[in-house]
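Report on the structure given below.
Read-outs throughout are calculated quantities, based only on the coordinates presented, and are distinct from any laboratory measurement. Here the structure is a predicted model, which is why all the values come from computation and not from measurement. As a convention, Cβ positions derive from the backbone with ideal geometry for all residues, glycine included, and neighbour counts pool all protein chains shown.
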C-alpha cells in the first residue's frame, strides 16, 4: 500500500480584522480536514495583515507568545479536534522588545512540538521587516509529527539555499514555506526556487502565499500556492493567483527514498570542500 500523506495549504485574503481572519483559517482547516488533510500549513503572519508594508510601532502590540498566546491555544484545540498537524505562522513576542516572525508546529493530538523563527530578515521598500523582527536564533529544527518529519522555512528564507540543505540533513521529509510575496520582480522565482530546492534536497516542499491586495500598502499578493515533489515537479497544479483557496494534495512519501537512491546528492556531497561558504 502506498505511503501517502494528504497535505493542505491555506491561502487567505485579508478579512479586515484579526478575529475574522482567525475564523477564516479555522473554517479553511475544517474544510481541509473534511477533504482528508492530515497536515495543514497557513500563510506567513496568518492571523493579521502583512503589516511590514509600513513602519508603525503600534503593530508591536499584536505580537503574542508562542506557545503561551491565545492563537496557539485555539489552534491546539483545533488540531486535536480534527486530528491534523498544523503549521501556524505568527508574530511572536518572546519578551518586551524581543519579537520574531515565527511558526508554531502543532501535532495531530494538539501537542505543541516547537517553533521555527525566520532566519533571514529583509529590509526593502514594502517589506520593512527589520523594523519588526529580530533574526531567528533557533537554527533549522525538524519536528517529528504524526505525518513524518516536518521543517519550516519562511518567505525570504527561500532565497538562501543553506537552510534548505540544513533541513534536509536533519531529516526533513516535508518543508513548508509560508510566505507573503507580491507581484513584481520575484514572481518568476516563485515556481523556480521552491521546485529547485525540493529536487536539490529530495523532499517535498509546500509553499503557501498570501493572496489579494491589503490596505496598508500597494502590495498585491498573488497566491499560487503549491506542493513540489522530490523530483522538482509541481503536484497537480497551483492555487489561484487572485482568490482564497485551500490546496489539498496527496504526497507519495515513498518517492523521497526513490529519488535519494536515483540521484544520490547526499552521498556525493563534499562538505570537506565547503569551508569557504561559511566565511563572512
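Values for this structure:
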read-out	value
The chain, relative contact order [Cα under 8 Å, separation at least 6], %	20
Computed over the stretch 144-187: relative contact order in percent, which uses C-alpha pairs under 8 Å that are six or more apart	48
P(r) of the stretch 4-269 over all Cα-Cα pairs, binned every 10 Å from zero, in whole percent	7, 34, 39, 17, 2, 0
Under the Debye formula (equal points on every Cα, no solvent term), log10 I(q)/I(0) of the stretch 71-155 at q = 0.11, 0.12, 0.14 Å⁻¹	-0.32, -0.38, -0.50
Order of 62, 71, 181, 19 - criterion: other Cβ atoms within 10 Å of each residue's Cβ, fewest first	19, 62, 71, 181
Exposure proxy ranking, count of Cβ atoms within 10 Å, fewest first, for 120, 25	120, 25
Candidates 241, 107, 252, ranked by Gaussian network fluctuation over the chain, Cα under 10 Å, top entry	252
